[in-house]
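Below is one structure, written out as structure tokens; comments come after it.
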Amino acid sequence: MPPSAPRPSSHEPLAPATPAWACWLAEPGRAELRAEFLRAPTRTEVLVRTLHSGISRGTESLVFRGEVPTSEYERMRAPFQAGDFPAPLKYGYANVGVVEAGMPALIGRTVFCLFPHQSRYVVPAEAVVPVPEGVPPSRAVLAANMETALNALWDAAAPPGGRVSVVGGGVVGLLVAWLAARTPGCQVELVDIDPSRANIATHLGLGFASPEAACGEADLVVHASGQPAGLRTALTLAGFEATVLELSWYGTRTVDLPLGQAFHAKRLALRSSQVGQVATPMRARWSRRRRLERALALLALDARLDALITHHAPFAQLPEVLSRLARGDCPGILCHRIDYD
């Protein structure tokens, strides 16, 4: 937090205008911290003091570079986004904090909220989800990524006893593979061009291969590399009448695919998955809140998931961190956590 930011004692009552700092994308390629003043919450709202926020590297880098297509401006809005694409705007959706005021039943609780990077904020009480016991606040920043992975496997279930290839060893790809590996008898192989991803795959109990050495003939292939070359690899690894599930989002980029080779002869199904809607097989019974609650609960099952958070930095450094991530200057990074004072 900038040195000039006010720091009231946790024992003092919060003033009607509570000070806060927020990260804004001032223009494509440049972020900055701005002061804000929050009104006091009502008894049906909460004021949250942020402990950590997580950067969704792929999506937030596209937003930072101004690469959100005009046609997607409304669909790509984060739940509590301020401003409009391409800029200025306040973006992000992985915030973990402590309730300081508002609804009495939630005061003192650690909660997750789909809120941008900001030191304090006021939202309706129903917008926060309590973090379960057994999930450290620092790990809870993975909740939005876990929700994406869970929704993906609802869209195209990992077959018990089957073979699943996950192309792309980023956070979402690793979480998809971790979930799929919990399906009885499922053989899961993480495929990535970066050999260092083998270490995290082994740590999570997953198989690993380069694209050249991958097994192929998979019953399900999930693509999460964010690169067109990765999707082309995914098509080659799919077996006869298998499904290739696309999780990557390319923004304004065009993707060329070799659909004139074995795509038709193998009768492949290529489908997209996106977390904005609950997957069709579960939509009649599951709300978005229930799905997020389940994603948080899943984070309690395995402390090894802490290894997905490879980098962290104080909030004051967030503008520079976003710039480095957008430039691709952070080799080996998975989840980058931001810590608040």
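The values are calculated or read from the model by the stated rules, or taken from the named source; none is laboratory data. Since this is a predicted model, take the numbers as computed values, not measurements. A quick note on method: Cβ atoms are made from the backbone with ideal geometry, for glycine too, and the neighbour counts reach across all protein chains shown.
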Residue within the stretch 303-322 that is modelled with pLDDT of 95 or more, part of a loop (DSSP other than H, G, I, E, B), under 24 Å from GLY168 (Cα atoms) and not aliphatic (A, V, I, L, M) present: no
Selection count, the stretch 270-297, where residues are aliphatic (A, V, I, L, M) and modelled with pLDDT under 95: 1
Members of the stretch 154-169 that are free of Cβ contacts under 8 Å to residues at least 60 places away in the same chain, over 17 Å from THR236 (Cα atoms) and touching a helix residue (DSSP H, G or I) at 6+ places or on another chain (Cβ under 7 Å): GLY169
If the Cβ limit is 6 Å and pairs must be 6+ apart or interchain, which residue in the stretch 42-65 that is within 17 Å of ASP339 (Cα to Cα) pairs with which residue that is among the polar types (S, T, N, Q)? THR50/ASN95; THR50/SER119; HIS52/SER138; SER53/ASN95
Please go through the stretch 91-136 and give me each residue that is part of a loop (DSSP other than H, G, I, E, B), within 21 Å of ILE338 (Cα to Cα) and among the aliphatic types (A, V, I, L, M), ordered by number. ALA94, LEU114, VAL131, VAL135
Is the stretch 66-89 home to any residue that is buried (at least 16 other Cβ atoms within 10 Å of the Cβ), among the basic types (Lys, Arg) and touching a residue at least 40 places away in the same chain (Cβ under 8 Å)? no
Checking the conditions here, which among ARG163, ARG109 is surrounded by fewer than 23 Cβ atoms within 10 Å (Cβ to Cβ), among the charged types (D, E, K, R), at pLDDT 95 or above and within 30 Å of GLY216 (Cβ to Cβ)? ARG163
Looking at (1) out of contact with any Lys or Arg (no Cβ under 7 Å at 6 or more places or on another chain); (2) within 22 Å of LEU179 (Cβ to Cβ), which one does ILE309 not meet, given that it meets all the others? (1)
All positions within the stretch 78-90 that are under 14 Å from TYR121 (Cβ atoms) and either in a loop (DSSP other than H, G, I, E, B) or out of contact with any Pro (no Cβ under 9 Å at 6 or more places or on another chain) (or both): ALA78, PRO79, PHE80, GLN81
Specify which of the listed residues (VAL244, VAL275, VAL321, VAL255) is loosely packed, with under 15 Cβ neighbours inside 10 Å and either in contact (Cβ under 8 Å) with a residue 12 or more places away in the chain or not basic (Lys, Arg) (or both). VAL255
For residues that are aliphatic (A, V, I, L, M) and in contact with a Gly (Cβ under 7 Å, 6 or more places away or on another chain), scanning just the stretch 110-132, find the one that is nearest to ASN145 (Cα to Cα). VAL111
For the stretch 28-35, indicate whether the set of residues that are part of a loop (DSSP other than H, G, I, E, B), surrounded by fewer than 18 Cβ atoms within 10 Å (Cβ to Cβ) and at pLDDT 95 or above is non-empty. yes
Of all residues being part of a loop (DSSP other than H, G, I, E, B) and in contact with a helix residue (DSSP H, G or I) (Cβ under 9 Å, 6 or more places away or on another chain) in the stretch 60-77, which is nearest to PRO132 (Cα to Cα)? Just the residue, please. MET76
